[in-house]
Amino acid sequence: MRRFFATLAGRTVLVTAATAVVSVIITALVALPIAVRTANKAARADLVEKSALAVELLTTERPAARARIVDRLRQDGIEVYLIRRGAADRPGLPDRVVAQVAAGAVVDTRGRVGGRAVLIAGQPLRGNNSGVVLTRDAVSGTAARVLGGVWVALLAGLLGGVGAGALLANFTARPLRQAALAAGRLAAGDRSVRLAVRPPAESAELAAALNQLGAALQISEGRERDFLLSVSHELRTPLATIRGYAEALADGVVADDGAAKAGATMLAEADRLERLISDLLVLSRLEAADLPVSVVPVDLVELVAAAGEAWTPRCVPDGPRLSVELPPSPVTVDTDPGRIRQVVDGLCENALRVVPAGAPLVLAVRAGEHGGVVEVRDGGPGLTDEDLAVAFQRGALQQRYRHVRKTGSGLGLALAARLVTRLGGGIEAGHAPEGGAMFTVTLPYRTRT
């Protein structure tokens, strides 16, 4: 039983049953005084009517008929008092009632006669300070009857509340049970789970959220598989090269004059592996939000100028035509200079891979409205509008163009985006006026006080 009331269905039944019982009790408490007042009001009206009738009969009938009228009234629980010359025929009536009737007033009130609460109705007779007063016990037992009927209503309310609660609990809990089953299947690896989106609104929102979660997991895992395939390919290629040259050196296939070239090739491939592994580690730490950064005031003009000097030797004689566009005054922002230089180097590395010889490669700095702006533009093949939407997703562009043109590991743009975001800036991909791709990095200005 305790386990049942720990469930949503059990608590719904309990709440609805308690609500029904409380409603019945409140209704009874409100109805009790109303019922008593109504009964007394009806009794008083009846007594007044009978007093008027008694006056009429007592003034027109013979003494024997009068005695029969009095007996009949007494059988109905009504006592008759005759007032002659300002005095009642027997004691018990309140003096004020006797005085009012003797004075010719009609009386309709409550009082006490013989220690009992009674309803009093009096009518004057013509002449001699006379009249007739009828008394009847005030209505009693009404409260007891109402309270006695409450038990039946309580039982009916309890049964109704349990039934309604069971129906409501089933209606409410069914979407939750379905959602729990769907979540269990998602946790077990079934990404095809979908729930029917139907009313009520909260259940529809829950079903839609689970459906979106399933779709997002399906897309994410698909991208994850593609990314792992891409990374495994990128790792396998330099490893195969290193292994081939190592076997050739071990077998003595490479002559003495070719050993230096073989060593240089192996060293280059090892550097490529190291960069790839380093990017993977940095990216994983960024996603875990534990990559240390050192934010200091940085002049973007000076930083990009140094990057241009470093990349100029790599662009000649058969590479792109590098140019640097710098404003005359410093553009100072709050950022990590080492991480931003890593972003600029990564964007230049991507451009150098695809931009043909003689095509422009531009590094530019300008002051923006919300922060300092660094642009890397090129005159290469560029990106389509569909590419722009997924440019910073891991391995997305590498998967698209791996068989079309030279590509990298697929980590560079994702790493750049997460680095810039971690530093409180923003990065966008677009179309460059030089005809290729343009990457715009915006970094916050120095804090002014």
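The values are calculated or read from the model by the stated rules, or taken from the named source; none is laboratory data. Nothing here was measured: the structure is a model prediction, and the numbers come from that model. Because the Cβ atoms are built from the backbone with ideal geometry, glycine has one as well, and the counts that use them run over all protein chains shown.
Worth pointing out:
- Qualifying positions in segment 83-129 - touching a residue at least 60 places away in the same chain (Cβ under 8 Å) and out of contact with any strand residue (DSSP E or B) (no Cβ under 7 Å at 6 or more places or on another chain): 126
- Residue check for residue 294: modelled with pLDDT of 75 or more and of a type in the set (S, T, N, Q): yes
- Residue 161 vs. criteria at pLDDT below 80 and surrounded by 14 or more Cβ atoms within 10 Å (Cβ to Cβ): yes
- Checking each residue in segment 301-348 for being of a type in the set (A, V, I, L, M) and part of a strand (DSSP E or B) picks out 322, 324, 333.
- Residue within segment 106-129 that is at pLDDT below 70 and within 60 Å of the chain's Cα centre (by Cα) present: no
- Failed condition for residue 275, given (1) in a helix (DSSP H, G or I); (2) closer than 25 Å to residue 421 by Cα; (3) at pLDDT 75 or above: (3)
- Residue match in segment 310-330 (condition: free of Cβ contacts under 8 Å to residues at least 60 places away in the same chain, farther than 29 Å from residue 280 by Cα and under 42 Å from the mean Cα position of the chain (by Cα)): no
- Taking segment 371-400 as the range and being surrounded by fewer than 20 Cβ atoms within 10 Å (Cβ to Cβ), in contact with a helix residue (DSSP H, G or I) (Cβ under 7 Å, 6 or more places away or on another chain) and β-branched (Val, Ile, Thr) as the test, only 390 passes.
- Restricted to segment 189-214, and to residues there that are touching a residue at least 24 places away in the same chain (Cβ under 8 Å) and over 18 Å from the mean Cα position of the chain (by Cα), the residue that is surrounded by the most Cβ atoms within 10 Å (Cβ to Cβ) is 214.
- Every pair of residues 6+ apart whose Cβ atoms lie under 7 Å, when the first sits in segment 70-82 and is farther than 20 Å from residue 94 by Cα while the second is part of a strand (DSSP E or B) and not aromatic (Phe, Trp, Tyr): 70/80; 73/80; 73/134
- Take the conditions (1) modelled with pLDDT under 75; (2) within 23 Å of the chain's Cα centre (by Cα); (3) closer than 30 Å to residue 392 by Cα; (4) among the aliphatic types (A, V, I, L, M); residue 186 misses just one of them, which is (1).
- Exactly one residue among 390, 355 is outside the structural domain of residue 236 (by TED's automatic domain parsing) and touching a residue at least 40 places away in the same chain (Cβ under 8 Å), and that residue is 355.
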